[in-house]
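All remarks here apply to the structure that follows.
What follows is calculated from the coordinates using simple rules that are stated; it is not laboratory data. Just so we're clear, the structure is a prediction, and the values are computed from it rather than from any experiment. Virtual Cβ from ideal backbone geometry, glycine too; neighbours counted across all protein chains shown.
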Amino acid sequence: MKFAIIKERKNPPDRRVVFSPEKLAQAKLNFPDAEFKVEQSDIRIFSDTAYSDLGFDVVDDVSDCDVMLGVKEVPIEALIPNKKYFYFSHTIKKQPYNRKLLKAMLANNIEMYDHETIVRENNSRLIGFGRYAGLVGAYNGFRALGLRDEIFSLPKVEHLSDLNAVKAELDKITLPNIKILLTGTGKVAKGAKEILDHLKIKEVSDALFLTSDFTEPVYCRADVMEYNKRKDGKIGVKQDFYNDPSGYESNFMPYAKVTDYFIAGHFYGDGAPFLFTRDDAKQNDFKINIIADVSCDIDGPVASTIKPSTIADPFYGYDPQTEQEVAYNAEGAITMMAVDNLPCELPKDASEGFGDAFLEYVIPAFFNGDKEGILARAKMTENGKLTERYAYLQDYVDGLE
């Protein structure tokens with residue numbers, strides 16, 4: 001089996017990679033029957049020589065390989081027919097901008113394995129960059145706070161070498177007595193929590209957060225059953241909510257009335273209630289004035305997220321009264337951080353973490369008969385058709401959605 005680390009060709013450039021040179025060397029050691037090649041790239045965070053120094057062939061043509069390993073979408077013109085591909089295709093939610101890409105993969109008889117579809121039997125994600133999105137998102141929120149209120153100045157993450165450097169910058173700041181709300185329990189929220197804990201911010205319970213004032217910065221971590229409630233007044237059950245959220249409504253406003261900085265690290269499912277609406281944000285007792293929306297669902301559950309922001313220009317303001325974009329430091333505005341590709345700012349650490357999981361869960365499946373069913377669950381296309389698990393995408397492919 002021949003694997004290729006392919007060059008990232010999407011713009012803006014993404015410097016991440018599935019395997020660092022050291023992790024690729026570990027993969028070769030663990031699976032001597034595997035052959036690994038590296039496509040030449042002047043973009044990736046690790047240089048071509050870093051791979052060649054460890055004995056890997058760095059070439060400009062990987063068409064003799066069987067499995068192509070990338071991170072972001074592969075441009076249609078760069079697809080090689082009859083290969084297996086791993087990358088984030090951004091098609092499983094029927095994203096309209098990538099319909100042509102999925103059609104092209106079917107037309108080229110490509111076996112597509114989306115990184116998002118690499119899951120356990122219970123459908124929980126096995127690999128991804130969520131932790132790094134949470135880490136960078138939380139840091140960026142504090143950076144916005146410091147710049148807006150002119151109380152400290154943090155450098156951009158993309159100008160720092162790695163996560164240790166990020167944490168070293170945080171060690172230099174002193175926070176005001178703010179109350180921080182973090183939603184979610186997955187990898188994104190855990191990454192954000194890592195930043196909060198590094199800053200030695202005290203974690204408090206929901207009850208204390210909602211009813212008490214503090215003489216130090218504090219944070220509260222709210223799960224889905226804290227900020228949603230059943231419409232009929234009965235006690236909510238998380239799995240019941242996941243199965244059918246239609247019987248629930250938002251219970252977020254009690255938090256919004258006491259929170260200064262909100263980190264949105266939750267997963268938002270179709271049909272779930274919005275956390276807060278544009279009308280909610282107009283209320284005089286709506287206190288949140290800075291939001292790091294790591295989830296970044298546009299015009300969705302966080303009403304002030306009216307557009308994604310960029311690494312180059314990460315902040316904007318949302319005026320609750322006019323519902324329009326304003327300067328991030330405008331009076332009365334909610335300062336928004338809604339960068340939708342946060343892990344790109346920490347490419348070295350993100351790539352190393354991703355490679356750890358990919359080597360643990362995915363590569364072995366090629367050599368153990370896929371005994372855990374990981375490849376079978378992840379395979380979206382085969383023999384020019386959608387697999388049964390992803391047949392729901394047929395109307396999307398046909399242009400009916």
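Derived scalar couplings between HN and Hα for region 287-303 equal 9, 4, 10, 8, 9, 9, 8, 5, 5, 6, 8, 6, 6, x, x, 9, 4 Hz in order, rounded to whole Hz, by the Karplus curve 6.51 cos²θ - 1.76 cosθ + 1.60 (θ = phi - 60°), x for Gly and Pro. With neighbour counts taken as other beta-carbon atoms within 10 Å, the residues ILE363, ILE178, ILE5, ILE76 rank, fewest first, as ILE76, ILE178, ILE363, ILE5. Using the Karplus relation 6.51 cos²θ - 1.76 cosθ + 1.60 with θ = phi - 60°, the per-residue 3J(HN,Hα) values for region 380-390 come to 8, 10, 7, 6, x, 9, 6, 6, 4, 4, 10 Hz, with x marking Gly and Pro. Just to confirm my numbers, what's the Cα centroid distance between region 127-177 and region 349-401 in Å? With region 127-177 and region 349-401 each reduced to a Cα centre, they are spaced 33 Å.
Overall dimensions of region 281-401, expressed as equivalent-ellipsoid semi-axes from the Cα gyration tensor (√(5λ), whole Å, largest first), are 40, 21, 12. Note on the chain: helix-only mean residue ellipticity at 222 nm, from DSSP H runs of 4+ residues weighted -39500 (n - 2.57) and normalised by residue number, equals -7500 deg cm²/dmol. Rounded to two decimals, the Cα-based Rg/Rh of region 109-162, with Kirkwood Rh, is 1.24.
Within the chain, the longest run free of exposed loop sites, counting chymotrypsin sites (Phe, Trp or Tyr not before Pro) that sit outside DSSP helix and strand states (H, G, I, E, B) and have at most 14 other Cβ atoms within 10 Å, spans 1-213. Taking amide hydrogens as placed 1.01 Å from N in the peptide plane, the amide H of TYR219 sits under 5 Å from those of ILE180, LYS202, GLU203, VAL204, each at least 5 positions away in sequence or on another chain. Size descriptors for region 130-345 (Cα atoms only): Rg and Dmax, in that order, 16.4, 52 Å. Once the convex hull of all Cα atoms in the chain is built, its volume per residue stands at 153 Å³. The phi torsions of region 186-195, fed into the Karplus equation with coefficients 6.51, -1.76 and 1.60 and a -60° offset, translate into couplings of x, 4, 4, 5, 5, x, 5, 4, 4, 5 Hz, rounded to whole numbers, with Gly and Pro shown as x.
This model, with +1 at the C-beta of Lys and Arg and -1 at the C-beta of Asp and Glu, gives the chain a dipole about its Cα centre of some 480 debye.
Quick check: Cα centre of region 216-246 to Cα centre of region 23-68, how many Å? Value for the Cα centre distance between the two parts: 46 Å.
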